Structures are given as structure tokens and as C-alpha cells.
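Working notes, structure below.
The values are calculated or read from the model by the stated rules, or taken from the named source; none is laboratory data. This one's a predicted model, so the numbers in the text were calculated from it and none came from an experiment. Note that each Cβ is placed from the backbone with ideal geometry, even for glycine, and that neighbours are counted across all protein chains shown.
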Amino acid sequence: MIERLAIVKQRFDEVSDLIIQPEVIADQKRYIELNREYKDLSALIEKRKDYLKLSQRLKEAEEIISDGSDPEMSDMAKEELEEVKSKLPALEETIRFMLIPKDPEDAKNVVMELRAGTGGDEASIFAGDLYRMYTKYCERKGWKVSVVDLSEGTSGGFKEIIIEVSGTEVYGTLKFESGVHRVQRVPQTETQGRVHTSAATVMVLPEAEEFDVEIDMNEVRLDLFCSSGPGGQSVNTTYSAVRLTHLPTGIVAQCQDQKSQHKNKEKALKVLRSRLYELELSKKLEEDSAKRNAMVSSGDRSAKIRTYNYPQGRVTDHRIGLTLYDLQNIVNGDLGKLVDEIQLHYNTEKLKVSGDLI
């Protein structure tokens, strides 16, 4: 452990020196990456200090006990030894998790897409419930949520809604939400009181920055149209809504949330860039089978990852076999327990793959 932490200290010193170099500051992409690494390493350096202090206390206590010339000092040293030994395992475990190489995407903001699946109007209503759940969770985390585009359901909720979420470590926190979410409950439209199963799909994309994906605007078709509201009625008469089509891939992104055509184009471009970036990431994951097999199902949009059962008041995450009987709090944004357990499972799997945990 001390040897690994010495390597961390060496790298921390290197990064500390690099981020003040003029040529690094001039290279925006490298400067941002090094600043993120510096922040991660700083947290590890603090844990290293704690670990070295405890290790020193352990060594000194053992030396006093081994000497044995002063019974009173030996008794105090034995108490010290017990205290240190009770603290070390937890600290070592924390450091082991912190030493796992971070996904460079984790620090990114996200584009989140929620779509109604099977279940008709009830699926749209459920997609709306998921949107509110994630919005409240993001508010708890102090993150900013901005709507990019939406299509409302005929009986409430959304056929589709796309949002941007910005803050600290957003993708690293939300990436495991990608997949099919199921709801089991009596729909508002059900007259016989029967429980129905409906579904909605969630997709979480890391928001690509300009230097991540270069888009040739000559390969993008721009369509302008009037923003429309529920039922298709015109919200305004100006052509402020924007649709962008990337001709080489056929990927489409649109935004009609803002009154300004320029702002809508900017938002649509962010979504298009993120979808193209995710396309490249998926190719990389396909090539890296070991990494893919180690991951909890984070990107497979066909996987049914979670069920929200209203009659029983439970939420079950099928990937890790976790069931919580706390449905009302969870759908009101209290997602912390679920997110923490999934991240813990994922980190444990990564430790197994890296050979640090048997």
C-alpha cells in the first residue's frame, strides 16, 4: 500500500508542476484533463497522509510494547495499538477504491433522454414520473437541469423528453441509469383496478465538449420550423425551432425549448455532439471486451434494469438483486441508496478484475 501511495505522490508532484506550465495552460484540452487529475490525486494525497500517520503510530506502539521496560507505557501502547488496528482496515479499503483508475468520462455533464416504451398513455405518464424523479434528485445534488426538447403525451407525461444536467461528477453518478425502467401499478385510465406493466427507456450520454468531437458543419443539414406545443398547436410564429441532421450517420438532434433560434441551435448541437461521442465510445467498449464484461449493465438500452412496483411499495434493481421498500421516497428523488449500491457493486467488480480483491 505504501509503495502504491508513493507512486501516487510522485504523479501528484508531476501534475502540480505541469498545470503551471505556459504550454499546458495554452492547450485547453490537456489543461482541463490535468486539472481533473490534480483534483482526484489531491483527495488521495490527503488519505495518504492519514495512512502514513496511522502506520507511524502503529510502528511506535509496537516498538514500546516490544521494549517492555516501562509497564505503564506498554499498557498505553497496547491501547494505542488497538485503536490504530481498528482504524486501518477501513482506511485501506477506502484507499483501494480510490486507487481504481477513474473513467475519464465520469466528470462530464450529461444529456439524458427519457422515452415512453410499451404501455401506451401509461408509459408516457411513467416517463414523466421518471423525469420528475431525476429532476428532484439533481436538485438534491445541487446540479442544474435544462430541458432541450420534449414531446408531451396525450394523457400527461412525455412521449420523449431530453434534458441537460450539469454539475460535479454527473456522468459518473448517473451512467448506470441507462436502460429500461418498468412500472407495475393500476393506470389512471384503468376502470377494473387491474395492475398493468409499462416501461420507459432512459439513456444517459456524457456531454461531449468541442475538443472531444469535431463536427464538419458542411455535413450537417439545418432545418428550421415553428415551435409547437401539446396537440401540435403553434406556440410561436417564428422559425425558432432547430433540427440538425448529421448526414454521414443519419443522427438527428433538435431543440425548440428556447425562443431564440441561436440558443436552440446551440443546444441541438450539444445533443448531436454527445450522440456522436457516445457512438465512438460504444465502439471503444466493443473493442475492450474485458472492460465491458466487468461493467454493470450501464449502456445496454434493451436491458430491463429496474422495476417500480406500486402495490407492494418496492423498487427492485435487477442488475444487483437489490430491493428497497421505499418507493414513495425514491420516486420523489431520494435515489442515493440505489445509486450508492450500484456504484459499490461496480467498483467491487473493477477491483476483482484488477486483481486487488480475491
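Against the conditions (1) within 21 Å of Ile305 (Cβ to Cβ); (2) surrounded by fewer than 17 Cβ atoms within 10 Å (Cβ to Cβ); (3) out of contact with any strand residue (DSSP E or B) (no Cβ under 8 Å at 6 or more places or on another chain), where does Thr154 fall short? Just the number, please.
With (1) within 21 Å of Ile305 (Cβ to Cβ); (2) surrounded by fewer than 17 Cβ atoms within 10 Å (Cβ to Cβ); (3) out of contact with any strand residue (DSSP E or B) (no Cβ under 8 Å at 6 or more places or on another chain) applied to Thr154, the lone miss is (1).
Would you call Tyr171 free of Cβ contacts under 8 Å to residues at least 60 places away in the same chain and either under 22 Å from Asp317 (Cβ atoms) or surrounded by 15 or more Cβ atoms within 10 Å (Cβ to Cβ) (or both)?
No; evaluated as a whole, the condition is false for this residue.
Can you tell me which residue in region 62-77 is surrounded by the most Cβ atoms within 10 Å (Cβ to Cβ), limited to those that are in contact with a helix residue (DSSP H, G or I) (Cβ under 6 Å, 6 or more places away or on another chain) and within 23 Å of Tyr51 (Cβ to Cβ)?
Out of the qualifying residues, it is Ala77.
Looking only at region 15-27, which residues are assigned to a helix (DSSP H, G or I) and either modelled with pLDDT under 90 or surrounded by 13 or more Cβ atoms within 10 Å (Cβ to Cβ) (or both)?
Val15, Ser16, Leu18, Val24, Ile25
What pairs come out if I take residues in region 110-122 that are closer than 16 Å to Gly172 by Cα and pair them with residues that are part of a loop (DSSP other than H, G, I, E, B) and among the charged types (D, E, K, R) whose C-beta lies under 9 Å away, six or more apart or interchain?
Pairs found: Val110/Glu207; Val111/Glu207.
Taking only region 116-144 into account, find how many residues are of a type outside the set (A, V, I, L, M), assigned to a strand (DSSP E or B) and either at pLDDT below 95 or buried (at least 20 other Cβ atoms within 10 Å of the Cβ) (or both).
So the answer is 0.
In region 202-255, which residues are more than 26 Å from the chain's Cα centre (by Cα), modelled with pLDDT under 85 and in a loop (DSSP other than H, G, I, E, B)?
The answer is Cys226, Ser227, Gly229, Gln233, Val235, Asn236, Thr237, Thr238, Tyr239, Ser240.
Is it fair to say Met76 is out of contact with any Leu (no Cβ under 7 Å at 6 or more places or on another chain) and farther than 30 Å from Gly153 by Cβ?
In short, yes.
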